[in-house]
Each structure stands twice: as C-alpha cells, then as structure tokens.
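A.B. asks: Before I ask anything, let me first share the structure, which is written out below as structure tokens.
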Amino acid sequence: MNGAAPPAIAGRQQRAAAGGAPRCLPLRSAPAPPMAAGRRAPPEPGGGPVLLQGIFGAGPAPGAAACSLSLTARELQVRRPGGSPGGSAGPDAALRLADCVGSAAFPAAAAAACFSLVCYPLRGPRWGPPARQRLERTFRVSRGPDAEGNLRIAQAWSRRIRELAVPAVPAQDGDSYGVLPRPCRALVLLNPQSGSGRALDDFQAVVQPMLAEAEIATTIFITERPHHAHEKVRDEDLSQWDTLVVMSGDGLLYEVVNGLMERPDWKDTMKKPLCILPGGSGNALAASINYYAGYDHVAKKKLLTNCTFILCKGLHTQMDLVSLSTASGKRFFSFLGFGWGFISDVDIDSEKYRWLGSARFTLGTLQCLAKLRVYQGRLSYLPAGPEQGTSPAPRDPSTPVPNGQAGHVLPPAGTDAPGSLPTDSLLAPLGQPVPAHWTVVPEEEFVLVYAIYQSHLGTNLLMAPAARLHDGCIHLFYMKAGISRVALLKLFLAMSRGTHLDLNCPHLCYVPVRAFRLEPRVAAGIMTVDGEALACEPVQGQIHGRLCRVVSGS
C-alpha cells in the first residue's frame, strides 16, 4: 500500500490565513559521545551575533501583542515589549535551532503574513529522562497594506531559520557525514505486524506529522509477508527516493540490507542513507542510534520520537556491516549481531509472546533460565588491535568461498569483477583450518556466543558500550559453561546499565575482533543473525568497514 504524507504545514498555513586476548575484566567505556543537537545544556549568553532582528506580532491573530525577535546562528530570541535586545537579563524565550525541524511562511488576513517554526526541545520531570515535546511558535508580519512586502519579510525569516537549523556536518578525519536534502523523499517500509502490532498506528500518529513539518514526503510500503521488503528494494528503481526508512524491528532492516546487497548496483545503492524507526520488540539499532546521539536511555514512544527527530534533522554517516558465510554456502550481511546459545534461545523462543512487546524478552529469559542449556563447539577469532595488520594465511585458489548465490563463488582478492560483492579477505574457507595467527578458544562448552557490532542488544540491553557505527570492530562475547542461573540473571540485569563486565564474572569473556569462526560439534541450538533464525551449522564472519550509510544523530 502506497500513500503520501499529509501536508501538515500547509494545513496550519490555511488556518492562519484564516584489544588482543579476551578480557574477563571490566569493559572500559569509550569517551562519552559529544553532546548532540537537542541535549539540554545552558546556551551561551546571547547565542552569538544577531543575524536578523525585528518586531512582530506574537501570534497569527490580528492584534497580537508585539515582541522583539533576534535571530542568531544558534537560536531565535524572543523578548516582550520593553525588553532590550542587548539587555543583560537575556531573552524571555530562546528557541534553539538545534531543536527546530521546520519553518514555513504564509499569507494571513488583512494583508499580513506569518512565519512559524516547529521545535522539539527536550523537556521532562525533575527526575527521570526528558522527552521531546512539540513546540510551535508563529509570528505575524504586518508593516502596512503591502501584502507582498509582508510575505517577502516572512519568507526571508523562514528561509534563514531553515538554513540555520540544518545540522553542521562534523569535521573529523576519516568520517564521511552528509545531510538529507530538503525537500526530501523517503520510502517507508513498514511491517504492521511487528512488535505488538502498533507500528502503523504509531507511524501515523507520531512519525508522519513530524516528517511533514520537516519537508520529508513519504511513500509508504506495507509489507504483507516475509521477504516482501527484501524483494521490494532488490527489484525497485530506488532513484526516486533520497532515503529508505524502516519502521519495524531489526528483522525488517536485515531484509532491506540483504535485498540491497543483491542488486547489481549495490555499491551505489548502499550510499543511499538508511533509517530505522523503532516499531518492533527489540529495536536494538534504534536504541544504539539514540545512544550514539548522546540522548538519555528511553523506550517506546520517547525512543520513537527521538529517532524521528534524528531523521528530521537528516544527518547521516557510514556504518559497518559484517559478512557471514555458512557451511551450506549461504552468505548474509548483518548490521547488528550474530548469536548462538542463550541469547538466541530467548529471542526465538519468545516469538510466541510477540504481543507483549519488549516484555516478551523478560518472560523468555526466565523460561530459558529454567532450562539452561550448554552447547559444544569450537570458537576462533582474529583479534582487533596490534595484530590486525597481520596477513592471513595463503588461500588455496582452487577452493571456492561461498557468496550466497547458487553456482557462484567469490573471486580471489584483487580480482573482483565490477558489481561483485566485497571479498572476505580475512577468512579461510570453512573446510580449512583458521589461519595460524588466529586465536582458538580452548574451552569448547558454551552457554552463549554473541558477536555484536552495535552498542545495544535490545532497547534495555547495553551490551557493548564502546561500540560505534563505524569502529571497524566486532565485539565478541562468549560465556563458558558452569555459570549458575543466579549469576547469569545478575549479568543480564547489569546489562541494562552496561555494567555487566564490571561484575568480573569468570565465565563471561569479551574480546574485540575483526573476524570469527564458530563450529558447532552437532547441529543443536538456535543461531540468529540480526534477530532472525538460522540453521545451526559452521559459520564465520568478518567486518567490512563503512559499507553502508545510516541516518544518525552524531
């Protein structure tokens, strides 16, 4: 089902007219992300030099009280009559342009004109995380009977506000940032059955009005079956859209990523920014994006509003993907994580409680604790850090490396054909031993193995606090057999705060890696990639840095 976003701003206008070895030690947190647009912080006095200044009506209606406006690079300052623009007391109100998502100018009654801006500042109770709340201010321009002149003034203010509200592109070596164009065209892929089944209602109530205010026009594609989104992005002409937005859980984005990677023009298509809006149960990438932006931990509607605000601002950057290959010849691209054992058991076994939303994972955890399993297999990895420059063992050119397409194999490194998928140059074929410079874990009995590349495993599980979108690293966790149920429960309770490794549990180990291999002894247990179930078989993966782009807040 396709449709266009309602013109929310137009409606208002009409009304107005009217590391190395594994560590079983505390994980050292990375430096806190820089304060992002919208974080509550005291503005600098004056907000910088004044760029525009004027006296206007404080509202769209005729006879509204006059107010003095001063526009700086960072804020719109509003002063009541009698206030001095240079007064030491400061403005009566300061609307931060970092919180602004849109501005419009339009004619009003009696030859006047108006300009408005919509902001979503963080506000909240004295205790607890703040939430973004909508704030719209409209100002009336009425400088005589010249309707066209009044409208030109309103348009000039609105245009300058929009220009200043565009986020500054960070200047960091090696990072590639960009900003979505305005107006912007977005294809929204939405699964109405994800999570508790409220994705479509939440999109219409929360997301669509905000996108309209930010001049983001939407085409909505409702998925009707598994792999529907995969087929859509694989076969569709995507040139008509500036961004692909996924309103669902992480599983639908997994479909989208792999559908894009099957296109002959995947290199160009993967430059189109992706965006995740939380509409599922786990919402791990959405929680990670919120975390990277420097915002407080929130869930449900607050998380959805934060992620929609990030989309409205339009900043995007690069994101790593991991290539996973299986013994049966399949190949996948993953943005979140690969798991085997306890975490995957909880994820898949709790599917029958999907109607509970994120609470399904709590219930699933308790059930899996009661029947705690141990899995046997061999885990190997290539550590990140000083060893990352070591060359892999020579590859037997006669042995193919599966690329996930029947009858096709990846060419040797350095011989990639145009349009071919990236080569897994760090991996030896699954039928051969791992290279000699890899590490093989001596234990072969595990409660869980999880390779994660984002900070969050779920909305309330901060598994890898040091992870970033393009850190070139797989954060590998494994838990050895012998842990008690009580100790395991304590670890997951601590993971809600990201302090699980501070417990110094001797059974839990963490190591940053660039590649890994897992070889189960028997085909027992559940494997998952980005929350989707896989057949249990030998699998290996390696990081591919900055392979796609994603809308982010920092």
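A.B. asks: Just the residues that are surrounded by 15 or more Cβ atoms within 10 Å (Cβ to Cβ), not basic (Lys, Arg) and not in a loop (DSSP other than H, G, I, E, B), please, taken from the stretch 156-177. Spell out the reasoning first.
C.D. replies: In the first step, residues of the stretch 156-177 are kept if they are surrounded by 15 or more Cβ atoms within 10 Å (Cβ to Cβ); the result is 156-158, 160-162, 164-167, 177.
The next check asks that each one be not basic (Lys, Arg); those that pass are 156-158, 161, 164-167, 177.
Within the stretch 156-177, Ala156, Trp157, Ser158, Ile161, Leu164, Ala165 qualify.
A.B. asks: Here's another thing I want to ask about it. Looking only at the stretch 359-385, which residues are closer than 16 Å to Gly525 by Cα, of a type in the set (Lys, Arg) and in contact with a Phe, Trp or Tyr (Cβ under 9 Å, 6 or more places away or on another chain)?
C.D. replies: Arg373 - this is the single residue of the stretch 359-385 that is closer than 16 Å to Gly525 by Cα, of a type in the set (Lys, Arg) and in contact with a Phe, Trp or Tyr (Cβ under 9 Å, 6 or more places away or on another chain).
A.B. asks: Please determine whether any residue of the stretch 202-211 is charged (D, E, K, R), over 30 Å from Gly545 (Cβ atoms) and open to solvent by 20 Å² or more (accessible area, probe 1.4 Å). Step through it out loud before you land on a result.
C.D. replies: Taking the stretch 202-211 first, the residues charged (D, E, K, R) are 202.
Then drop every residue that is not over 30 Å from Gly545 (Cβ atoms), which leaves 202.
Pick out the ones that are also open to solvent by 20 Å² or more (accessible area, probe 1.4 Å) and you get 202.
Yes, the stretch 202-211 has at least one match.
A.B. asks: Filter the stretch 365-387 for residues that are among the small types (Gly, Ala, Ser) and not in a strand (DSSP E or B); which is surrounded by the fewest Cβ atoms within 10 Å (Cβ to Cβ)?
C.D. replies: Within the stretch 365-387, the first condition is being among the small types (Gly, Ala, Ser), and the residues that meet it are 370, 377, 380, 384-385.
From what is left, the residues that are not in a strand (DSSP E or B) are 370, 384-385.
Numbers: Ala370: 8, Ala384: 21, Gly385: 14.
Checked the stretch 365-387; the qualifying residue surrounded by the fewest Cβ atoms within 10 Å (Cβ to Cβ) is Ala370.
A.B. asks: Have a look at Ser194, Ser116 and point out the one that is in a loop (DSSP other than H, G, I, E, B) and crowded, with 19+ Cβ neighbours inside 10 Å.
C.D. replies: Working: Ser116 fails: in a loop (DSSP other than H, G, I, E, B).
Exactly one residue qualifies, and that residue is Ser194.
A.B. asks: Okay, next question. Pick out the one residue from Glu255, Glu213 that is modelled with pLDDT of 95 or more and in contact with a His (Cβ under 8 Å, 6 or more places away or on another chain). First the steps, then the outcome.
C.D. replies: Working: Glu213 fails: in contact with a His (Cβ under 8 Å, 6 or more places away or on another chain).
Criteria check complete, one pass: Glu255.
A.B. asks: Considering each residue of the stretch 449-471, count those that are at pLDDT 95 or above, part of a strand (DSSP E or B) and over 13 Å from the mean Cα position of the chain (by Cα), and give that number.
C.D. replies: Number satisfying all stated conditions: 5.
A.B. asks: Please indicate, with yes or no, whether at least one residue in the stretch 275-294 is surrounded by fewer than 21 Cβ atoms within 10 Å (Cβ to Cβ), closer than 26 Å to Gly364 by Cα, of a type outside the set (Asp, Glu) and out of contact with any Asp or Glu (no Cβ under 9 Å at 6 or more places or on another chain).
C.D. replies: No, the stretch 275-294 has no match at all.
A.B. asks: Could you list, in sequence order, the residues of the stretch 444-468 that are open to solvent by less than 10 Å² (accessible area, probe 1.4 Å) and among the hydrophobic types (A, V, I, L, M, F, W, C)?
C.D. replies: Those that are open to solvent by less than 10 Å² (accessible area, probe 1.4 Å) and among the hydrophobic types (A, V, I, L, M, F, W, C): Phe446, Val447, Leu448, Val449, Ala451, Ile452, Met463, Ala464, Ala467.
A.B. asks: If you go through the stretch 530-549, how many residues are open to solvent by less than 30 Å² (accessible area, probe 1.4 Å) and modelled with pLDDT under 95?
C.D. replies: Total meeting the criteria: 1.
A.B. asks: Step by step: first the residues of the stretch 488-511, then only those that are among the aliphatic types (A, V, I, L, M) and open to solvent by 30 Å² or more (accessible area, probe 1.4 Å), then the one that is nearest to the chain's Cα centre (by Cα). Which residue is that? Talk me through it step by step, then tell me what you get.
C.D. replies: The first filter runs over the stretch 488-511 and keeps only residues among the aliphatic types (A, V, I, L, M), leaving 488-489, 491, 493-495, 501, 503, 508, 511.
If we keep only those that are open to solvent by 30 Å² or more (accessible area, probe 1.4 Å) too, we end up with 489, 493, 503.
Details: Leu489: 28, Leu493: 24, Leu503: 29 Å.
Of everything passing the filter in the stretch 488-511, Leu493 is nearest to the chain's Cα centre (by Cα).
A.B. asks: Continuing with this model, one more query. From the list Thr223, Thr218, Thr269, pick out the single residue that is under 20 Å from Gly531 (Cα atoms), crowded, with 18+ Cβ neighbours inside 10 Å and in contact with a helix residue (DSSP H, G or I) (Cβ under 7 Å, 6 or more places away or on another chain). Break it down stepwise before answering.
C.D. replies: On the way: Thr218 fails: under 20 Å from Gly531 (Cα atoms); Thr269 fails: under 20 Å from Gly531 (Cα atoms).
Result of the check over Thr223, Thr218, Thr269: Thr223.
A.B. asks: Do you know which of the residues in the stretch 123-135 that are part of a strand (DSSP E or B) and at pLDDT 95 or above is farthest from the chain's Cα centre (by Cα)?
C.D. replies: Taking the stretch 123-135 as the starting set, the residues that turn out to be part of a strand (DSSP E or B) are 123, 131-132, 135.
Subset that is at pLDDT 95 or above: 132, 135.
On the way: Arg132: 17, Leu135: 25 Å.
Step by step, filter the stretch 123-135, then rank; the result is Leu135.
A.B. asks: Which one is nearest to Phe106 (Cα to Cα) among residues in the stretch 136-155 that are at pLDDT 95 or above and open to solvent by less than 40 Å² (accessible area, probe 1.4 Å)?
C.D. replies: The residue in question is Ala154.
A.B. asks: Only residues that are surrounded by 13 or more Cβ atoms within 10 Å (Cβ to Cβ), more than 36 Å from the chain's Cα centre (by Cα) and not in a strand (DSSP E or B): list them for the stretch 62-81, please.
C.D. replies: Ala64, Arg80
A.B. asks: Sort through Leu321, Leu311 and tell me the only one that's in a strand (DSSP E or B) and in contact with a helix residue (DSSP H, G or I) (Cβ under 8 Å, 6 or more places away or on another chain). So that I can check it myself, show each step before the final result.
C.D. replies: On the way: Leu311 fails: in a strand (DSSP E or B).
Leu321 is the lone residue from the list that is in a strand (DSSP E or B) and in contact with a helix residue (DSSP H, G or I) (Cβ under 8 Å, 6 or more places away or on another chain).
A.B. asks: Say whether the condition of being open to solvent by less than 10 Å² (accessible area, probe 1.4 Å), over 21 Å from Leu547 (Cα atoms) and either of a type outside the set (Val, Ile, Thr) or at pLDDT 95 or above (or both) is met by at least one residue in the stretch 314-328.
C.D. replies: No, every residue in the stretch 314-328 fails to be open to solvent by less than 10 Å² (accessible area, probe 1.4 Å), over 21 Å from Leu547 (Cα atoms) and either of a type outside the set (Val, Ile, Thr) or at pLDDT 95 or above (or both).
A.B. asks: Which members of the stretch 226-237 meet the condition of being surrounded by 18 or more Cβ atoms within 10 Å (Cβ to Cβ) and not β-branched (Val, Ile, Thr)? Quick ask: steps written out before the conclusion?
C.D. replies: From the stretch 226-237, those surrounded by 18 or more Cβ atoms within 10 Å (Cβ to Cβ) are 229-230, 232-234; that's our starting set.
Of everything in the stretch 226-237, those that are surrounded by 18 or more Cβ atoms within 10 Å (Cβ to Cβ) and not β-branched (Val, Ile, Thr) turn out to be Ala229, His230, Lys232, Arg234.
The values are calculated or read from the model by the stated rules, or taken from the named source; none is laboratory data. The model shown is predicted, which means the values in this text are computed figures rather than measured ones. For neighbour counting, all protein chains shown are included, and Cβ atoms are generated from backbone atoms with ideal geometry for every residue, glycine included. Quick note on the areas: whole protein, heavy atoms, side chains included, nothing else; ligands and nucleic acids left out. Shrake-Rupley method; radii C 1.70, N 1.55, O 1.52, S 1.80 Å.
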